[in-house]
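The values are calculated or read from the model by the stated rules, or taken from the named source; none is laboratory data. Computed from a prediction, not measured in an experiment: that's the story for all the values here. Positions of Cβ are backbone-derived with ideal geometry, glycine not excepted, and every protein chain shown enters the neighbour counts.
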Amino acid sequence: TVIVMDNASIHHAKIIQARLPIWQERGLFIFYLPPYSPHLNIIERLWKEVKQAWLRPCDYVSFDTLSYAVNRVFANIGDSLSLNFSTFKV
């Protein structure tokens, strides 16, 4: 089993590093993405599209309106909203 993680400092914490050998013995491996590689992290691409194209300025008025808008966006992915990851350039 391989877990792919970005280079957030929490992912390199001492407690994580100390457990790596134990996890590897059990068949769990951690793969870190290269620094500054949002193009390799699919959720980064998705959030960029959500923030730049699918949310409107009026959605940021309050926490409630933002929560509703984010839920609306994710409910419509696959129906009226789609994102083709193969067309993005590195």
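Note down all Cβ pairs under 8 Å where the first residue falls in region 50-76 and is loosely packed, with under 11 Cβ neighbours inside 10 Å, the second is at pLDDT 95 or above and part of a helix (DSSP H, G or I), and they're at least six residues apart or on different chains.
Listed by first residue and then by second, the contacts come to ARG56/ALA69; CYS58/THR65.
Of everything in region 1-42, what is in contact with a Pro (Cβ under 8 Å, 6 or more places away or on another chain) and of a type in the set (S, T, N, Q)? Give them in sequence order. Show your work before the answer.
Going through region 1-42, the residues in contact with a Pro (Cβ under 8 Å, 6 or more places away or on another chain) turn out to be 7, 40.
Across region 1-42, the qualifying residue is only ASN7.
Just need a number here: residues in region 17-42 that are surrounded by 10 or more Cβ atoms within 10 Å (Cβ to Cβ) and modelled with pLDDT under 85.
Filtering region 17-42 down to residues surrounded by 10 or more Cβ atoms within 10 Å (Cβ to Cβ) leaves 17, 19-20, 23-24, 28-30, 32-33, 37-42.
Next cut, modelled with pLDDT under 85 only: 37-42.
Of the residues in that region, 6 qualify.
Are there any pairs, at least 6 apart or on different chains, whose C-beta atoms fall under 6 Å, with the first in region 1-19 and under 16 Å from SER37 (Cβ atoms) and the second in a helix (DSSP H, G or I) and not acidic (Asp, Glu), and if so, which?
Taking only residues 6 or more apart or on different chains, the pairs are MET5/HIS11.
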